[in-house]
1. Say R0 is 51 Å: what FRET efficiency, to the nearest 0.05, do residue 183 and residue 276 get from their beta-carbon distance?
2. Which of the peptides 154-163, 46-55, 224-233, 136-145 is most tightly packed, and how do the rest follow, judged by the mean count of other Cβ atoms within 10 Å per residue?
3. Hey, what do the phi angles of region 54-63 turn into as Karplus ³J(HN,Hα) couplings, whole Hz, using 6.51/-1.76/1.60 and θ = phi - 60°, x for Gly and Pro?
4. Tabulate in residue order the Karplus-calculated ³J(HN,Hα) for region 217-233, using 6.51 cos²θ - 1.76 cosθ + 1.60 with θ = phi - 60°, rounded to whole Hz; enter x for Gly and Pro.
5. Around residue 49, under 15 Å between beta carbons, what's the net of Lys plus Arg minus Asp minus Glu among the other residues?
6. Which of 207, 226, 258 sits closest to the plus end of the dipole of region 191-267, meaning its Cα is farthest towards the positive end, when Lys and Arg get +1 and Asp and Glu get -1 on the C-beta?
7. Return a whole-number percent for the relative contact order of region 88-246, with Cα pairs under 8 Å and 6 or more residues apart as the contact set.
Amino acid sequence: MSEHKSGEKRKSEGKDRSRKRYRPDGTPVWGQRSLEGPGIWATCVRNKERSTVGELYDLFESLSKDLWPEPSNADTLNDDAEGSDGEADDGETIEAQIAKEVASMKRPRKEQRFANSDTNTPCVVFISCKPPVNPVQLVVKHVENVMETGVTRTRFTQRLTPVAASCIANIPEIKSLCTRLLQPVLDDDPDKVYKYKVELRIRNHNTVKRMEVIDELAKCMPEKHVVDLDNAELFILVEIFKQSICGISVVKDYYKMQKFNVMEIANTKNEEIGFKEGEGRLAEKSGTDTPVPP
């Protein structure tokens, strides 16, 4: 009897796995992915993947505390302590106080906002993000800081690519996800006509073709918006990785921010600072208030 029931259970589980699933908007969900977004792709120095993960944890945690601050645990503990003291004065029993202490110890730990996903690929790291973290906002904030200061706060990280959401790497899923991500961006300024470009990067994948993806994603944009490969204002960043995963985000000023290559941004900024300092020293030696031309 038990074997019969277990056989029925396996059959029903197989049917559930093969049954096509649908989103609330009616679009089908195709397959399963090996990496889950949202998150951030990072390229790094070869053989420094583990070190890159560590430095990105520290960087992202620091930035997220400023962008999305959490309530202080100390405040909660103080409130509990004040409450327990007041109730103890009113005749609370020792057993009741102990029960409160045990309950406070059993509170769930603060959920980690970032987690490393093993890519098994040299020079490539993926850090998944949990709410309230917005990967695009996080990366843009860091890039702006590097552009201003020339300090990356990392040693091995090269380029960062935010992933607002991910899907299976096939055309129907990619188009569906792109449409959903574009809608709120376009709705922010419905009268604006954007010049846009699809920035596609494919790693270890040979199923969907590059031009096919770009052509299909262009159909997701309303016709009034125009493709501009040199002076785009809006960029659809698409990362296809291996056979199963596609990550997409919609960003602005991607070229102005040197494609989020923080190492290059820092080098450029530090060269500018060094040049200005050199001009200043020449001016001091010449005894004038203005820089001497080289």
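Every number here is computed from the coordinates shown, using simple stated rules; none is lab data. Fair warning: this is a prediction, and the values are worked out from it, not measured in the lab. As a convention, Cβ positions derive from the backbone with ideal geometry for all residues, glycine included, and neighbour counts pool all protein chains shown.
1. On the way: r = 44 Å, r/R0 = 0.87.
E between residue 183 and residue 276, to the nearest 0.05, is 0.70.
2. Details: 154-163: 21.7, 46-55: 15.6, 224-233: 12.5, 136-145: 19.2.
Most protected by this proxy first, the peptides run 154-163, 136-145, 46-55, 224-233.
3. x, 6, 6, 3, 4, 5, 5, 4, 5, 5
4. 5, 4, 6, 6, 7, x, 5, 5, 7, 10, 6, 9, 6, 9, 10, 5, 9
5. Numbers: positive: 46, 48, 50, 155, 159, 203; negative: 55, 118.
Here the charged neighbours net out to +4.
6. 207
7. Details: 145 pairs, mean separation 32.0, N = 159.
Computed over region 88-246, the figure is 20 percent.
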